[in-house]
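Please read the structure below before turning to the comments.
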Amino acid sequence: MAAGVAGGGGGGGVGNDFQWCFSQVKGAIDEDVAEADIISTVEFNYSGDLLATGDKGGRVVIFQREPENKSRPHSRGEYNVYSTFQSHEPEFDYLKSLEIEEKINKIRWLPQQNAAHFLLSTNDKTIKLWKISERDKRAEGYNLKDEDGRLRDPFRITALRVPILKPMDLMVEASPRRIFANAHTYHINSISVNSDHETYLSADDLR
């Protein structure tokens with residue numbers, strides 16, 4: 001990742017040049033990189049707090065910008081891994097005898113409407129809508145289950161219990177909400193969220 005740092009001020013366009021310098025590097029700098037680990041697309045969300053990358057292995061890695069720490073001013077703007085999930089798997093089109101690779105071609109974020117985040121990811125043939133959500137509490141005290149998850153005998157239940165929420169370690173979940181498959185005959189090369197934030201456009205290699 002690179003960050004732009006503005007040079008000295010001044011009017012009339014004097015001293016307004018930008019100086020670019022590396023502020024953070026993610027991943028090993030190594031010539032011997034596996035094909036599946038090669039990044040194929042990068043996309044920031046609307047606020048810039050989240051950065052999603054897709055690779056040739058069909059994985060999506062989301063980085064989150066850390067809040068500013070007054071005791072560590074040099075750490076401002078650093079991104080750390082927030083969530084990693086497998087977005088696409090390799091497939092085979094038996095009608096065309098064509099292998100569909102898992103490589104992520106494009107990622108597009110949707111504007112955030114609530115605590116969860118949504119993004120679209122696509123390979124050559126299938127577009128998926130993902131929900132990224134956090135969970136830091138779990139419900140305990142179910143009536144029909146023991147604490148270890150085993151079902152209780154309904155005839156031995158003598159009192160009604162109200163489940164309570166207890167804190168737990170933060171867990172980030174990525175769940176597919178919609179899968180749009182077989183909409184394109186040719187390879188998908190671009191997707192874009194519409195202004196209504198409810199529909200999207202997709203384009204393929206047919207000219």
Practice task
Determine ³J(HN,Hα), in whole Hz, for all residues of the stretch 118-125 in sequence, where each value follows from phi through the Karplus function 6.51 cos²θ - 1.76 cosθ + 1.60 and θ = phi - 60°; x replaces Gly and Pro.
Solution key: 10, 9, 9, 9, 9, 9, 5, 10
Exercise for the section: Using amide H atoms built 1.01 Å from N in the peptide plane, name the residues 5+ places from Tyr82, or on other chains, whose amide H lies under 5 Å from its own. Expected result: Ile62, Phe63, Gln64
Practice task
Would you mind classifying the stretch 163-207 by shape? Square roots of the alpha carbon gyration tensor eigenvalues, ordered a ≥ b ≥ c; an a/c under 1.5 is rounded, otherwise it is prolate if a/b is larger than b/c and oblate if not.
Solution key: prolate
Handout entry: Neighbourhood net charge (14 Å Cβ-Cβ; Lys/Arg +1, Asp/Glu -1) for Gly27
Key = -2
Handout entry: Under-5 Å amide H pairs with Ser87, H placed in peptide plane, nonlocal only
Key = Arg59, Val60
Handout entry: Calculated from backbone phi, Karplus (6.51, -1.76, 1.60) coupling profile of the stretch 155-164 in Hz, x at Gly/Pro
Key = 6, 9, 7, 10, 9, 8, 10, 9, x, 10
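With the cut-off at 1.5 for a/c, could you classify the chain from its C-alpha gyration tensor as rounded, prolate or oblate?
Working: a/c = 2.21, a/b = 1.30, b/c = 1.69.
Since a/c reaches 1.5 but b/c is at least a/b, the shape of the chain is classed as oblate.
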Problem - Glu89 versus Ala203: modelled label distance in nm, points set 7 Å from Cα along the beta carbon direction - result: 3.2
Handout entry: Distance violations [Cα-Cα > 28 Å] among Lys56/Lys166; Lys26/Lys131; Lys56/Lys128
Key = Lys56/Lys166
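For Glu102, what is the net charge nearby, where nearby means another residue's Cβ is under 15 Å from its Cβ and Lys, Arg count +1, Asp, Glu -1? If you can, show how the numbers build up before the last one.
On the way: positive: Lys56, Arg59, Lys103, Lys106, Lys125, Lys128; negative: Glu35, Asp37, Asp55, Glu89, Glu91, Asp93, Glu99, Glu101, Asp124.
Overall, the nearby charge balance is -3.
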Practice task
For Lys106, enumerate residues with amide H under 5 Å from its amide H, sequence gap 5+ or separate chain, H modeled in the peptide plane.
Solution key: Thr122
Handout entry: Per-residue ³J(HN,Hα) for the stretch 94-111, Karplus 6.51 cos²θ - 1.76 cosθ + 1.60, θ = phi - 60°, Hz, x for Gly and Pro
Key = 6, 5, 9, 6, 10, 8, 9, 6, 8, 3, 7, 7, 8, 10, 9, 7, 9, x
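Each reported figure results from applying straightforward, stated rules to the coordinates on display, with no laboratory input. Quick caveat, the model's predicted, so the values are computed rather than measured. Quick reminder, even Gly has a Cβ in these numbers, built from the backbone with ideal geometry, and neighbours come from all protein chains shown.
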